[in-house]
Amino acid sequence: MASEFDDLARTVAAIDGPAAVWHRTDFATHRRRYEHDLERVRRLHRDGDILEVGSLPCHLTAALTLAGFSVIGVDIAPERTPALIERYALRVERCDIERAPLPFDADRFDCVVFAEVFEHLRVDPQFALSEVNRVMRPGGRLLLTTPNLYSLQNIARFVLGHGTNDPVAAFSQLRRLGHMGHVREYAPDEIRRFLRHAGFRVTETGFHHYHYPRGRKGALARVLFAVLPRRLRTFQVITAEKAAPSPRLSPLT
């Protein structure tokens, strides 16, 4: 695994232009999460192509490709990261998953990755999940990761009178990066309800924290996350199976 991510790290470091800071910051912050997601996919994948929903910045897409998986991604604007798409010959289709059907036949994929995307959806997450269900085979496996509304950090923010995210920064990302920031973070039971409504059976829910800043703040976080209940960690990692067809929904106009 180290060689796969080392190659990707060199490619990210060489990116220049307006997106360079985004790529480098994201990769440095989320590398351990990418590694963890890759290991999850190794356990979930059985055969055929993997669908990755919301590919950009394509770091996980590239890591999966380097690991030998056949991956097809979808993203609202794939042209935002040409360096990685060209370097690794990635397949990333254009699709606004809240407004248009996925460009694939029904029962196409046995494994779908929906990593750190759900919290960005601002129009119709139910339609997006219904489409994921449609293109999955019966019994197909879904890996969905998203921030935990009731993480230790968020509870501290609530106590101090703050929200989970800066709304100005979240909406500013539409102009700066081409996609929305975090619209809403969800409690674990809320995610399970979304998935059940979309025809999925949740098989496992885990909680993880990956990135620790340097210095005293990072050291304190390591101690707290080691002794506090796991449900207070930052990220939810949910695996689910397609148990039934989702209610067929049409995109909102």
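When the residues of the range 17-35 are filtered to those that are out of contact with any His (no Cβ under 9 Å at 6 or more places or on another chain), in a helix (DSSP H, G or I) and of a type outside the set (A, V, I, L, M, F, W, C), which remaining residue is surrounded by the most Cβ atoms within 10 Å (Cβ to Cβ)?
Residues of the range 17-35 that are out of contact with any His (no Cβ under 9 Å at 6 or more places or on another chain), as a first pass: 17-22, 24-25, 35.
Of the ones still in play, those that are also in a helix (DSSP H, G or I) are 20-22, 24-25, 35.
So of that shortlist, the ones also of a type outside the set (A, V, I, L, M, F, W, C) come out as 24-25, 35.
Numbers: Arg24: 14, Thr25: 12, Glu35: 17.
Among them, the one singled out is Glu35.
For Ala198, are the conditions met, namely being out of contact with any strand residue (DSSP E or B) (no Cβ under 6 Å at 6 or more places or on another chain), free of Cβ contacts under 8 Å to residues at least 60 places away in the same chain and not β-branched (Val, Ile, Thr)?
Judged against the criteria, Ala198 is not a match.
Within the range 109-131, how many residues are closer than 19 Å to Pro247 by Cβ and either of a type outside the set (S, T, N, Q) or under 15 Å from the mean Cα position of the chain (by Cα) (or both)? So that I can check it myself, show each step before the final result.
We begin by selecting, within the range 109-131, every residue closer than 19 Å to Pro247 by Cβ; these are 112, 114, 118, 121, 123-131.
With the extra rule that they be either of a type outside the set (S, T, N, Q) or under 15 Å from the mean Cα position of the chain (by Cα) (or both), the set shrinks to 112, 114, 118, 121, 123-125, 127-129, 131.
Of the residues in that region, 11 qualify.
Tally time: how many residues in the range 88-103 are in contact with a strand residue (DSSP E or B) (Cβ under 7 Å, 6 or more places away or on another chain) and touching a residue at least 24 places away in the same chain (Cβ under 8 Å)?
Qualifying residue count for the region: 5.
Taking the range 172-186, which residues are surrounded by 14 or more Cβ atoms within 10 Å (Cβ to Cβ), out of contact with any His (no Cβ under 8 Å at 6 or more places or on another chain) and either over 25 Å from Cys95 (Cβ atoms) or not acidic (Asp, Glu) (or both)? Steps first, please.
Residues of the range 172-186 surrounded by 14 or more Cβ atoms within 10 Å (Cβ to Cβ): 173, 177-186.
Cutting the leftovers down to out of contact with any His (no Cβ under 8 Å at 6 or more places or on another chain) gives us 177-178, 184-186.
Answer for the range 172-186, where residues must be surrounded by 14 or more Cβ atoms within 10 Å (Cβ to Cβ), out of contact with any His (no Cβ under 8 Å at 6 or more places or on another chain) and either over 25 Å from Cys95 (Cβ atoms) or not acidic (Asp, Glu) (or both): Leu177, Gly178, Arg184, Tyr186.
Is it the case that the range 59-73 has a residue that's over 23 Å from Tyr210 (Cβ atoms) and aliphatic (A, V, I, L, M)?
Scanning the range 59-73, I find at least one residue that is over 23 Å from Tyr210 (Cβ atoms) and aliphatic (A, V, I, L, M), so the answer is yes.
Of the residues Val92, Val112, Val117, which is touching a Lys or Arg at 6+ places or on another chain (Cβ under 8 Å), hydrophobic (A, V, I, L, M, F, W, C), modelled with pLDDT of 95 or more and crowded, with 21+ Cβ neighbours inside 10 Å?
Details: Val92 fails: touching a Lys or Arg at 6+ places or on another chain (Cβ under 8 Å); Val117 fails: touching a Lys or Arg at 6+ places or on another chain (Cβ under 8 Å).
From the options Val92, Val112, Val117, the qualifying one is Val112.
Since Ile85 meets every condition but one in (1) free of Cβ contacts under 8 Å to residues at least 40 places away in the same chain; (2) surrounded by 19 or more Cβ atoms within 10 Å (Cβ to Cβ); (3) hydrophobic (A, V, I, L, M, F, W, C); (4) not in a helix (DSSP H, G or I), which condition does it not meet?
Looking at each condition in turn, Ile85 falls short on (4).
Looking at the range 157-186, I want the residues that are over 18 Å from Asp26 (Cβ atoms) and modelled with pLDDT under 90 and have a partner that is assigned to a helix (DSSP H, G or I) and polar (S, T, N, Q) with Cβ atoms under 8 Å, at least 6 apart or on another chain. Which pairs are those?
Listed pairs, sorted by first residue: Thr164/Asn154.
Would it be correct to say that Leu152 is surrounded by fewer than 15 Cβ atoms within 10 Å (Cβ to Cβ) and not charged (D, E, K, R)? Let's see the steps before the verdict.
Values: surrounded by fewer than 15 Cβ atoms within 10 Å (Cβ to Cβ): no; not charged (D, E, K, R): yes.
Answer is no for this residue.
The values are calculated or read from the model by the stated rules, or taken from the named source; none is laboratory data. Not measured: the values here are computed from a predicted model. Note: ideal-geometry Cβ built from the backbone for every residue, glycine included; neighbour counts use all protein chains shown.
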